[in-house]
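Every read-out reported here was derived from the displayed coordinates using simple, explicitly stated rules and does not represent laboratory data. Since the structure is predicted, the reported quantities are computational estimates derived from the model, not experimental observations. Neighbour counts are summed over all protein chains in view; Cβ atoms, including those assigned to glycine, are modelled from backbone coordinates with ideal geometry.
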């Protein structure tokens, strides 16, 4: 008999080391916090066979009583489902088959919420008020839609000689280099001339190292950038706190308003295609086409 607490610890180690679709360390860290605060105290003492709809419903009631957001509750319950579903016998058959009943679990409905996004004026103010390396980093994020981890993972070797194209092939999380979020995240992202000039001046004659780094050459930490750079800039211009993803939404919005081709937008943002036609379409492999479009649409903000 395996208790759920033991099984959950196994699962959190297994998902990082498995060869098929390993889970990113950042995601597992969130899951561990969830496990320590909610899953193990509520379900950890139970044998896995007894972690059923009734037991999980009790967990849902506790989280709802603590005023957790519907999306958070759904995410935490998903960890329970995934962990039990991963357990198989020597023949690959599920050890704990379940038919989850969301109505019985009384999972709260997830309402679409407004995601923070920067306006062109806000981005202009942020970049204009920033200085040094932070100014270049924020301008690159806003003009490319790169994820913050992708930007912090850039090496000088990932920047083309004219600084017009960035090669995304790794990401940085908590100072550790890892693979990009998805296979589609491996890509080339193009810059318009003003941003390319700014980036080129930032790099100078450097031939190696990280594009954005500490004075000692080590990776920058996202949490420090938020606390020491972005949040003070937002407070200075009287904008509510939000994360770096707001730059990514700004870029996606600008590209659509500029009527860039949808396949190219998905390519630049590192999103997957939606049809077999997207698989056939190889226009994003044309460097000249991409760079011309990047120049046409521009950065989308003044600085």
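Modelled label positions at residue 13 and residue 177, each set 7 Å beyond Cα in the direction of Cβ, lie 2.8 nm from each other.
Ellipsoid semi-axes for the range 4-105, based on the Cα gyration tensor and the rule √(5λ), read 21, 17, 12 Å when sorted largest first. Each peptide in 138-147, 273-282 gets a packing score, the mean of other Cβ atoms within 10 Å over its residues, and the list from highest to lowest is 138-147, 273-282. The ranking of 237, 148, 117 by Cβ neighbour count inside 10 Å, starting from the fewest, reads 237, 117, 148. Just want to confirm a number: the relative contact order over the chain, from Cα pairs under 8 angstrom separated by 6+ residues, in percent. It comes to 18 percent, rounded to a whole number.
Between the range 207-240 and the range 53-123, the alpha-carbon centres lie 33 Å apart.
In plain terms, the chain from residue 241 to residue 292 could stretch by 14.9 nm, reckoned as 0.36 nm per residue minus the Cα-Cα distance. For the range 153-303, would you read off the P(r) tail past 18 Å as a percentage of all alpha carbon pairs? Pairs farther apart than 18 Å: 65 percent.
Ranking request for peptides 97-106, 4-13: highest mean number of other beta-carbon atoms within 10 Å first, then the rest in descending order.
On the way: 97-106: 11.9, 4-13: 18.2.
The most tightly packed comes first, giving 4-13, 97-106.
Taking the square roots of 5 times each eigenvalue of the Cα gyration tensor of the range 226-303, largest first, gives ellipsoid semi-axes of 31, 15, 10 Å.
With the convex hull drawn over the C-alpha atoms of the range 199-256, the volume per residue is 133 Å³. Size descriptors for the range 113-191, from the alpha-carbon set: Rg then Dmax equal 13.4, 42 Å. Largest GNM mean-square fluctuation across 43, 68, 264, computed for the chain with C-alpha springs under 10 Å, falls on 68.
Subtract the Cα-Cα distance of residue 54 and residue 71 from 0.36 nm times their separation in residues, and report this length gain in nm to one decimal. Could you put the intermediate results ahead of the total?
Details: separation 17, 0.36 × 17 = 6.12 nm, distance 2.03 nm.
Difference between extended and current length: 4.1 nm.
Rounded to the nearest 10 degrees, the inclination of helix 287-297 to the longest alpha-carbon principal axis of the chain is 80 degrees.
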